[in-house]
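Visitor: Pasting a structure here, questions to come.
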Amino acid sequence: MGLREDYQAQMEKQLNEWKAQTERFKAGAEQIEAHAKVQYEKQLEALRAAQAEAWENLYKLKGANESAWGQFKAHMDKAGGEVKAAVERMTTNFKQ
């Protein structure tokens, strides 16, 4: 595989891992006290939005031609960073 394919495969794998972790967070929402649940669900929604944006960027990256690929890679890196930060906030704020 080339650099482009390796990167795309790596990002797709990471997004799938974050998706699985998000589902675990969702399952944990039932165990949180009512006053904390609102904050938990708000952060979970932000995480889902970041993931949706990252997936959209991945699809664009996969369809990009060679001249535009670098630009889409930068967008993917940013979106991936936002998902990672959202997952870390959930992990820190709501220990599983």
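Visitor: So is LYS78 under 13 Å from ARG4 (Cα atoms), at pLDDT 90 or above and basic (Lys, Arg) or not?
Guide: Values: under 13 Å from ARG4 (Cα atoms): no; at pLDDT 90 or above: yes; basic (Lys, Arg): yes.
In short, no.
Visitor: Pairs only if they're at least six apart or on different chains, beta carbon under 8 angstrom, first in region 1-28 and closer than 16 Å to GLY63 by Cβ and open to solvent by 90 Å² or more (accessible area, probe 1.4 Å), second outside any helix (DSSP H, G or I) and among the hydroxyl-bearing types (Ser, Thr, Tyr); list them, first residue then second.
Guide: none
Visitor: Exactly one condition in (1) under 17 Å from GLU17 (Cβ atoms); (2) at pLDDT below 90; (3) buried (at least 18 other Cβ atoms within 10 Å of the Cβ) is not met by ARG89; state its number.
Guide: (3)
Visitor: Could you list, in sequence order, all residues of region 33-76 that are open to solvent by 50 Å² or more (accessible area, probe 1.4 Å), free of Cβ contacts under 8 Å to residues at least 40 places away in the same chain and more than 21 Å from ASN16 (Cβ to Cβ)?
Guide: GLU33, ALA34, HIS35, LYS37, VAL38, GLU41, LYS42, ASN65, GLU66, SER67, GLN71, ALA74
Visitor: Can you name the condition, by its number, that PHE94 falls short on among (1) more than 17 Å from GLU5 (Cα to Cα); (2) open to solvent by 60 Å² or more (accessible area, probe 1.4 Å)?
Guide: Only one criterion is unmet by PHE94, namely (2).
The values are calculated or read from the model by the stated rules, or taken from the named source; none is laboratory data. Predicted model, so just to flag it, every value in this text is computed and none were measured. All Cβ positions, even for glycine, are placed from backbone atoms using ideal geometry, and neighbour counts span all protein chains on display. In case anyone asks, the SASA skips ligands and DNA or RNA and just uses the protein heavy atoms, side chains included. Shrake-Rupley method; radii C 1.70, N 1.55, O 1.52, S 1.80 Å.
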